[in-house]
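See below for the structure under consideration.
The values are calculated or read from the model by the stated rules, or taken from the named source; none is laboratory data. Fair warning: this is a prediction, and the values are worked out from it, not measured in the lab. Here the Cβ is made from the backbone with ideal geometry for all residues, glycine too, and neighbour counts use every protein chain on show. Heavy atoms of the whole protein, side chains included, go into the accessibility calculation; ligands, DNA and RNA do not. Shrake-Rupley method; radii C 1.70, N 1.55, O 1.52, S 1.80 Å.
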Amino acid sequence: MDLIDEVLERIKPTAEENKKIGYAVDDILKKIQERINGIDVEPILAGSVAKGTHLKNPDIDIFLKFSPEYERKFIEQFTLNLGMNVLESPVINYAEHPYINGKHMGYDFDLVPCYRIDNSSKKITAVDRTPFHTKFVLEHLSEEGKDQVRLLKQFFKGIGVYGAEARIQGFSGYLTELLIIKFGTLENVLNNAAKWKKYTVISFNDVNEDYLYNKFKAPLIFIDPVDENRNVASALSMDNYATFIYASKEFLRERTIKFFFPEINVVEKSIDRGTKFLHIMLPRPNVVDDVLYPQIRKFVNTIFKNLEEFGPIGYHYYVDDSIHVIIESYMLDLPRVMVHEGPPVWDRNSEKFIKKWKGRALSGPYIINGHFYADIDRKDRKMESKILSIIKRNSIGKDLDKISNSISFSRDQGTIERKELFIFLEKKFPWEY
């Protein structure tokens, strides 16, 4: 079987599966209609299922298009109350405003409030343009194109860059659809991506690329065909952009199923890297991923850039019931003495330096190349105490600040989840395992 045919067979819903999805959608729309009670709102199917670009077992989006006469608080609360009544195991999530997720007939559904507008430029909330996205894709994507979208989605999933949510910072479903509409096929998208440079601008119209780059400041800029003031690729990180470029080159060189369905087989290795590991743990706060992950990145970046004297090499983080951060470093403990550089001898502040350290320093003050120096007692000799000092001086995120007193440390690699440690040490791309 051809590689592409094999991938499609594994990811494309069958006619019977689509029939079941259709039953579930019709039933939930019926239940919603029964509970509208005179409110000026239109429930519609949105997302990949509405556009016919969904994979097997899709999440299904139902948008509730309210009249603009309603206040935002009303449409949010109405949607949440509705979801509590029509969905099983409902959970409130947050994007620009609250929406509700739950189960119905075995499928995951999102109920999302938006405003009914006649032009995407008149949007009141960010999601108001979504029905225009659906319309654009349906008008410009052929049946063959829908399969090409599925293939590109699975390629993105396989290399680990699919999803615009904060946890991933990758390619959204809508961006995937636009890439196929623009370039036609998976093959064409990959051929184009293999030639992308540090920054790329894509549009369906003639544009001033320099102007758009200065406006959006993003590695990939794809102008939304229904809103010229929006970059559809705004969520994409530089690392995921670069990973896709590299993966495109590698796939075109060697076409294997691993780009679509990687298998990470954890292998026990005993390699003495001559380095030290610190495992940092925090309880997971009760917030959604889109709120949590930006704070984790802020936490990691804040501590990592302030550990320079320990010789940090790299870091990795993962989340389960707790937040786990692994720091690999040349050292976890520093010597007592620290060389402290002062001002030049002729500087007006040199007297203050002498006054502060004479009699208090372990050695000095003394002069090297015209500057005063003193050997002093190091405050934070252990990485753990240094991290605690960093956290005390800096915010690590609104929700993480509240639980920073619950931080714990371990120098034992055995406390790190085996697969996560393997991924961190191997540092391979998903298709290379």
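So the values come out like this:
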| quantity | calculated |
| --- | --- |
| Within segment 361-391, considering residues that are at pLDDT below 95 and of a type in the set (Lys, Arg), the one least open to solvent (accessible area, probe 1.4 Å) | Arg378 |
| Unmet criterion (only one of (1) crowded, with 20+ Cβ neighbours inside 10 Å; (2) farther than 23 Å from Asp290 by Cα; (3) among the hydroxyl-bearing types (Ser, Thr, Tyr)) for Tyr241 | (2) |
| Subset of segment 172-188 (residues that are open to solvent by less than 10 Å² (accessible area, probe 1.4 Å) and within 16 Å of Val232 (Cα to Cα)) | Leu175, Thr176, Glu177, Leu178, Leu179, Ile180 |
| Flag for Asp128 being touching a Lys or Arg at 6+ places or on another chain (Cβ under 7 Å), surrounded by 18 or more Cβ atoms within 10 Å (Cβ to Cβ) and assigned to a helix (DSSP H, G or I) | no |
| Check on Glu42, assigned to a helix (DSSP H, G or I), more than 25 Å from Glu165 (Cα to Cα), open to solvent by 70 Å² or more (accessible area, probe 1.4 Å) and not hydroxyl-bearing (Ser, Thr, Tyr) | no |
| Residues (part of a loop (DSSP other than H, G, I, E, B) and in contact with a Leu (Cβ under 8 Å, 6 or more places away or on another chain)) located in segment 215-255 | Ala218, Pro219, Pro225, Val232, Ala233, Leu236, Arg255 |
| One residue from Tyr317, Tyr330 being among the hydroxyl-bearing types (Ser, Thr, Tyr), under 30 Å from Tyr366 (Cβ atoms) and in contact (Cβ under 8 Å) with a residue 12 or more places away in the chain | Tyr330 |
| Test for Ala233: is it among the small types (Gly, Ala, Ser) and either buried (at least 18 other Cβ atoms within 10 Å of the Cβ) or at pLDDT below 95 (or both) | yes |
| Number of the condition not met by Asp108 [criteria: (1) open to solvent by 20 Å² or more (accessible area, probe 1.4 Å); (2) part of a helix (DSSP H, G or I); (3) charged (D, E, K, R)] | (2) |
| Filtered residues of segment 45-76 (kept if open to solvent by 50 Å² or more (accessible area, probe 1.4 Å) and touching a Leu at 6+ places or on another chain (Cβ under 6 Å)) | none |
| Tally of residues being of a type in the set (Gly, Ala, Ser) and not in a loop (DSSP other than H, G, I, E, B) across segment 45-80 | 4 |
| Single condition Ile36 does not satisfy, out of (1) at pLDDT 95 or above; (2) open to solvent by less than 80 Å² (accessible area, probe 1.4 Å); (3) outside any strand (DSSP E or B) | (1) |
| The listed residue being in a loop (DSSP other than H, G, I, E, B), under 28 Å from Asn405 (Cβ atoms), without any contact (Cβ under 8 Å) to a residue 40 or more places away in the chain and not β-branched (Val, Ile, Thr), out of Asn286, Asn301 | Asn286 |
